[in-house]
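Colleague: I have a structure I would like to understand better, so I am pasting it below and will then ask my questions one at a time.
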Amino acid sequence: MAKMFYTLEEAAAKLGKSADEVRQMASSGQLPEFRDRDRLMFKVEHVDLLAGTGKKDDDDIIPLADSGEL
């Protein structure tokens, strides 16, 4: 089973930031945070997307038809 959450330290390493910078990102709403008692956790998919390594699902993109009119 794939990992669902990163710890603060893992998220910081993945993003190339310090733990304090990741806490600030969470405080400002850039990165949703989750708590496991006193541990700060972050969803793998959120961190990976911010790091630029996340899966981008092209199935979610709906192409627009070109009417030929401007």
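Colleague: Relative to the present Cα-Cα distance, how much length would full extension add between S18 and Q30 at 0.36 nm per residue of separation?
Modeller: 2.8 nm
Colleague: Need one value: the accessible area of M4 in square angstrom, 1.4 angstrom probe, rounded to the nearest 10.
Modeller: The value for M4 is about 120 Å².
Colleague: Another one. On the full set of protein chains, 1.4 Å probe, figure out the accessible area of L49 and give it in Å² to the nearest 10.
Modeller: Around 90 Å² of this residue is reachable by solvent.
Colleague: Moving on. Classify segment 1-57 as rounded, prolate or oblate from the Cα gyration tensor: take a ≥ b ≥ c as the square roots of its eigenvalues, call it rounded if a/c is under 1.5, otherwise prolate when a/b beats b/c and oblate if not.
Modeller: Cα axes put segment 1-57 in the oblate bin.
The values are calculated or read from the model by the stated rules, or taken from the named source; none is laboratory data. Please read these numbers as outputs of a predicted model, since none were measured by experiment. Surface accessibility is based on the protein's heavy atoms, side chains included, excluding ligands, DNA and RNA. Shrake-Rupley method; radii C 1.70, N 1.55, O 1.52, S 1.80 Å.
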